[in-house]
Amino acid sequence: MPAAKTSYVCLSCRVSYKQCYDPWRERTCPRCAGALMYAGSAFAAPRRRDLAAWRTLTVLLNAGVAFHKSCCGGPGYRPRTRREVRERLAYARRTGEPAERALRRIELP
């Protein structure tokens, strides 16, 4: 049985690649030779021209938020705009909640 495909992203080139998952292998971008970041199996890349979406994605991936399939069919809520990211990061700083968990919140209390 073939290994499951998952997405890896080069944030500087704004591209993603589907590759077999191997946590021990270092992935490099074929375009710039930079390191690829693991994005998860349910990741859908934004258009290359959509700089705001790539900035948001950069914050999410650097905070450790990945896009995994869940029992309900998708990765769950992820912020789509820079405003939503800023609000959730401010909430995390104010309350001491980890940024990764705050970025996954659908609504802030």
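Given R₀ = 30 Å, what would the calculated FRET efficiency be for L108 paired with H68, taking r from the Cβ atoms and rounding to 0.05? Approximately 0.85, to the nearest 0.05. Taking only protein heavy atoms and a 1.4 Å probe, the accessible area of the chain is 52% carbon and sulfur. GNM remark for the chain: springs join alpha carbons under 10 Å apart, and the peak mean-square fluctuation among R94, R55, R78 falls on R94. Taking all protein chains together and a 1.4 Å probe, the residues S7, S12, S41 rank S12, S41, S7 from largest to smallest accessible area.
Taking all protein chains together, Y38, Y17 sort by accessible area into Y38, Y17, largest first [probe 1.4 Å]. Qualifying GluC sites (Glu not before Pro) in segment 26-109, where qualification requires a DSSP coil assignment and no more than 10 other C-beta atoms within 10 Å, comprise E26, E107.
The Cβ shell under 15 Å around A4 holds other residues with a net charge of +3, Lys and Arg each +1, Asp and Glu each -1.
Backbone amide hydrogens, once placed in the peptide plane, bring G40 within less than 5 Å of S7, F67, excluding anything fewer than 5 places away on its chain. The accessible-area ordering, largest first, of the residues K69, K5 stands as K69, K5, per a 1.4 angstrom probe. For segment 1-72, the square roots a ≥ b ≥ c of the C-alpha gyration tensor eigenvalues yield an a/c of 1.5 or more together with a/b not exceeding b/c, which makes the shape oblate.
About the centre of its Cα atoms, the chain shows a dipole size close to 380 debye [charges on the beta carbon of Lys, Arg (+1) and Asp, Glu (-1) only; nearest 20 debye]. Computed from Cα positions, the angle between helix 82-95 and the longest principal axis of the chain comes to roughly 60 degrees. What is the local net charge at C20, summed over the other residues whose Cβ is closer than 12 Å to its Cβ (Lys, Arg +1; Asp, Glu -1)? My count for the surroundings of C20 gives +3. The slack between T95 and S12, meaning 0.36 nm per residue of separation minus the straight C-alpha distance, is 26.7 nm. Placing unit charges on each Cβ (+1 for Lys and Arg, -1 for Asp and Glu) gives the chain a dipole about its Cα centre, and among L51, A99, Y8 the Cα reaching farthest toward its positive end belongs to L51.
With axes computed from alpha carbons, what is the tilt in degrees of helix 51-62 against the longest principal axis of the chain, rounded to the nearest 10 within 0 to 90? That works out to roughly 90 degrees.
The values are calculated or read from the model by the stated rules, or taken from the named source; none is laboratory data. Since this is a predicted model, take the numbers as computed values, not measurements. When we count neighbours, we look across all protein chains shown, and the Cβ atoms used for this are built from the backbone with ideal geometry, even at glycine. Accessible surface is based on the protein model in full, side chains and every heavy atom, while ligands, DNA and RNA are left aside. Shrake-Rupley method; radii C 1.70, N 1.55, O 1.52, S 1.80 Å.
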